[in-house]
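Taking it in order: structure first as structure tokens, then the write-up.
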Amino acid sequence: ARSSEQKVGWNRAKHKLEGYGSTWEPREPLPESQEAAATSPAMSTTKGGLVIFTANSNPSSRELGRRISERLGVELGKVQVYQEANRETRVQIQESVRGKDVFIIQTVCRDVNTTIMELLIMVYACRTSCAHKIIGVVPYFPYSKQCKMRKRGSIVSKLLASMMSKAGLTHLITMDLHQKEIQGFFNIPVDNLRASPFLLQYIQEEIPDYRNAVIVAKSPASAKRAQSFAERLRLGIAVIHGEAQDAESDLVDGRHSPPTVKNMGAIHPSLEIPLLIPKEKPPITVVGDVGGRIAIIVDDIIDDVDSFLAAADTLKERGAYKIFVMATHGILSSDAPRLIEESAIDAVVVTNTIPHEIQKLQCPKIKTVDISMILSEAIRRIHNGESMSYLFRNIGLDD
């Protein structure tokens, strides 16, 4: 039987990071049963042989690993990861991992390619040191936007998945893949966790009068995610259509083969292949009522903020009096913090899957939600051989 505390749900607490402003941090998750409630989510509930490493040589990127290790009640493993003078990556593991379950936490910093090499070299080092299992904890999977063929390009996500498996990874924990079909690129188990429960509860507790809000998809491609948020919060939905799309288009995704120019020497004279009518974007329209409402734009990644700024301006023109942006991965590269600070957006809420302390110092509008809780629980369950279904409650096939 579930306890009465479970029925109440999770409460929230605000946690202050040293020197980096506030990070919204939920309370510990409640256990599934009374038997699990009798134990704490510390090392007492995990079997022996658990080692947690952080593969990132960037000090600011190790914050997530520190939070996870504290929740599990274990110390981070001793390892040196650094760049030599010629920019080669060197990894030196300073403790035995023979026969142990090794979890390697890797967050993506500005130098994405160095981040990938650090992870691959550490995985291979653990493999050659006879680790029992090597589980990668990569909250943001890099190159996830390059998961479809575009002209004469390549599917880089598939290449990266093959490299990770070849290096010796036996399991991957990630969060909110750009396309969930990326899991099919791996020949190892992949747990694609969701950050939406934390973002939903942030909306409920930190946005005043959220009942007067409307969930907004800044493009039709984001409509499914917006629909999921709207149905869970019992709110309306609005879709912006007609803006410049940064998603796929027929001109770049490889469907212009054979070429559009007729070549009668290569094609039989009696055979004429009909050509697709070229697309023409309509004027920007907002499908849904946002007048006098709080607009909450939802997406999985926020990097180049131009499309978000254009959506915010459109929503302001349609009468929205407050605008929030909710995203899982806050890459926020280039001058994104400055543009956000000068825009009509009231707040940008992202999780700590990617370190962004410098961006927060540049833009106070950026807020952080801590998701170390669900990552640490996933690590504990995998290490103990427990079911992961508890972490995917109420998540449908379309989510």
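The values are calculated or read from the model by the stated rules, or taken from the named source; none is laboratory data. All values derive from a computational prediction rather than experimental measurement. Reconstructed Cβ throughout: ideal geometry from the backbone, glycine too, with neighbour counts over all protein chains shown. Each accessible area value is taken on the protein alone, full model and side chains, heavy atoms only, with ligands, DNA and RNA left out. Shrake-Rupley method; radii C 1.70, N 1.55, O 1.52, S 1.80 Å.
Descriptive notes on the structure:
- Calculated SAXS-style log₁₀ I(q)/I(0) at q = 0.10, 0.22 Å⁻¹ - segment 52-177, Debye, Cα scatterers: -0.31, -1.40
- Förster-model FRET efficiency, 25 Å R0, TYR321 and VAL287, C-beta, rounded to 0.05: 0.80
- Rounded to two decimals, the Cα-based Rg/Rh of segment 88-157, with Kirkwood Rh, is 1.06.
- Whether segment 270-342 is rounded, prolate or oblate, judged on the alpha carbon gyration tensor where a/c under 1.5 counts as rounded: oblate
- For peptides 326-332, 145-151, 166-172, 363-369, sequence by mean Cβ density within 10 Å, most packed first: 326-332, 363-369, 166-172, 145-151
- Ranked by the mean number of other Cβ atoms within 10 Å of their residues, highest first, the peptides 91-100, 135-144, 296-305, 106-115 come out as 135-144, 296-305, 106-115, 91-100.
- For peptides 334-346, 276-288, 177-189, sequence by mean Cβ density within 10 Å, most packed first: 334-346, 177-189, 276-288
- Pairwise centroid distance, computed over Cα atoms, of segment 331-399 with segment 116-187, Å: 20
- Heavy-atom accessible area per residue - segment 176-245, 1.4 Å, Å²: 43
- For segment 96-160, lysine pairs separated by 8 or more sequence positions, or belonging to different chains, with Cα-Cα distances below 30 Å total 6.
- Normalised by the number of residues in segment 299-399, the average gap of Cα pairs under 8 Å and 6 or more apart makes the relative contact order 23 percent.
- Taking a ≥ b ≥ c as the square roots of the Cα gyration tensor eigenvalues, segment 119-205 comes out oblate, since a/c reaches at least 1.5 and a/b does not exceed b/c.
- Two-decimal log10 I(q)/I(0) for segment 76-115, as the Debye equation yields it once each C-alpha is a single scatterer, q = 0.30, 0.34 Å⁻¹: -1.15, -1.22
- Counting only DSSP beta bridges with both residues in segment 74-176, the antiparallel share comes to about 40 percent.
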